[in-house]
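Beneath this line is the structure, given in structure tokens, with notes to follow.
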Amino acid sequence: MNLRYVVPALGLVALSVSAASAQEIAKGVNLDGYVDTIGTATRGNDAYGDSSTDFSSEAVLKIGWAPTDRISALVVTRNGSSFGSPTGSPVAGADTTTFAVTEAYGTIKATDQLTISSGKSTGPFGYYSQYATGVNFITGVLSTALYTVNPTGAWATWTPNEKASVTAIVANTFFGNNKANRPASVSPGVDVVFNATPELSLNLELLADPNGSPTLGTDGTYGDIYLVGFNAQYKKDALTVAGEFLYQVVQNNGATADDDQKNLSYAAFVTYAIPGAKIPMAVTAQLSGYKLGETGPLDSHTATKGQLALLTNPLNVSQFGLNGELFYLSDDAGNGTDKESSYGVAIEGLYVLP
């Protein structure tokens, strides 16, 4: 269990699903989700397109089932996912009209300390949530460039005490590369959370994706992908400070077929809930970036992004949030010479179900 599920940042202004709580629609069946609407205006020499004005809408519907206190299941459908997009716009090619199942898994509580799950989930890796109700900004954060896809497999979480938990997982693949016609393999990973104090949490992540390289080496084999990640969160009263660092090695994906591509990404933010405000609100300042190693004839690809966001709850209800953000993006577009930059503003209306 990773930090992104521990304290949803929007809970600071009562905008998270946790704040609204899932609605029981039948015995043992709960419903929650949200509708997220965003308007973005971008200006400048933008690596992701010319100056533009864009509107997007995303809907997420979650259905949970718990027939007993030891058995539960969750199905999540969504459309138009913008997760992993540096600009926050829907990912190119994403179907923004049709719902797709992004999570579908069941969990058995074997003991008070051990749970076992199987199916498809967001996975235990990475600090930032894939859902708008669990983050404290509007447009995307660059550290997610190295996040895994939603893995399908089985995992177990052991929680020996209040200070620690360990999740071990095996999956088909973590990075989504087609493993057809490759040596049979599964992808293992481990996620360790340590709550050092009531305010401070630390998270270490390790994973391997055998035969997961997108490029075939000169020896006729696909290389493996390895990733190590670390994130930390400090929260006390109205203040939240957090950051993460990810380092990835992709074999047989460098400038030549036998080279390894070495990638890194990072992010850090501070969020402060303004006390005594007539309208509940919080301010977030965030910096993120990535550097992708050389691949093929291209130089390494480097990008940096800064964000300043204001989260508000103007109606004083947990079902609606009105948020704004200013952002600046610098990107060399992978050619190592031209620095392209853009800046913009985003406005979000977030409607939380139920």
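Read the figures in this text as sums done on the coordinates, not as results from a lab. As the structure is a computational prediction, the values presented were derived from the model and not from experiment. When we count neighbours, we look across all protein chains shown, and the Cβ atoms used for this are built from the backbone with ideal geometry, even at glycine.
General observations
- Once the gyration tensor of the Cα atoms in the chain is diagonalised, the equivalent ellipsoid follows with semi-axes of 31, 28, 19 Å, ordered largest first.
- A dipole drawn for segment 3-353 from +1 and -1 charges on Cβ atoms has a positive end, and of Phe174, Tyr343, Ala100 the residue lying farthest that way is Ala100.
- Candidates Thr152, Thr218, Thr37: whichever shows maximal mean-square fluctuation once the chain is modelled as a Gaussian network with Cα springs under 10 Å: Thr218
- Shown here: segment 111-169, whose C-alpha atoms stretch 40, 26, 19 Å along the first, second and third principal axes, sorted largest to smallest.
- Across the chain, the mean sequence separation of Cα contacts (distance under 8 Å, 6 or more residues apart), normalised by length, yields a relative contact order of 17 percent.
- Among the trypsin sites (Lys or Arg not before Pro) found in segment 160-266, those both in a DSSP coil and sparsely packed, with 14 or fewer other Cβ atoms within 10 Å of their Cβ, are Lys163.
- Temperature 20 °C, viscosity 1.002 mPa s: under these conditions the Stokes-Einstein estimate for segment 177-322, based on its Kirkwood radius over C-alpha pairs, is 117 µm² per second.
- For segment 234-276, the alpha-carbon radius of gyration amounts to 2.01 times the rule-of-thumb value 2.2 N^0.38 Å expected for a compact globular protein.
- Counting only residues at least eight positions apart within a chain, or on another chain, the aspartates and glutamates with an alpha carbon under 13 Å from that of Lys291 are Asp299, Asp331, Asp332.
- For the chain, the mean residue ellipticity at 222 nm estimated from helices alone is 0 deg cm²/dmol, where every DSSP H run of n ≥ 4 contributes -39500 (n - 2.57) and the total is divided by all residues, rounded to the nearest 500.
- The Rg/Rh ratio of segment 252-354, with Rg taken over Cα atoms and Rh as the Kirkwood radius over Cα pairs, comes to 1.18.
- Simple Cβ-charge dipole of segment 3-353, Lys/Arg +1 and Asp/Glu -1, about Cα centre, in debye nearest 20: 960
- Histogram of C-alpha separations across segment 126-220, 5 Å bin width, %: 2, 11, 17, 18, 18, 15, 9, 5, 3, 1, 0
- The alpha-carbon of Lys236 sits under 27 angstrom from the alpha-carbons of these lysines, leaving out residues fewer than 8 places away in its chain: Lys163, Lys278, Lys305.
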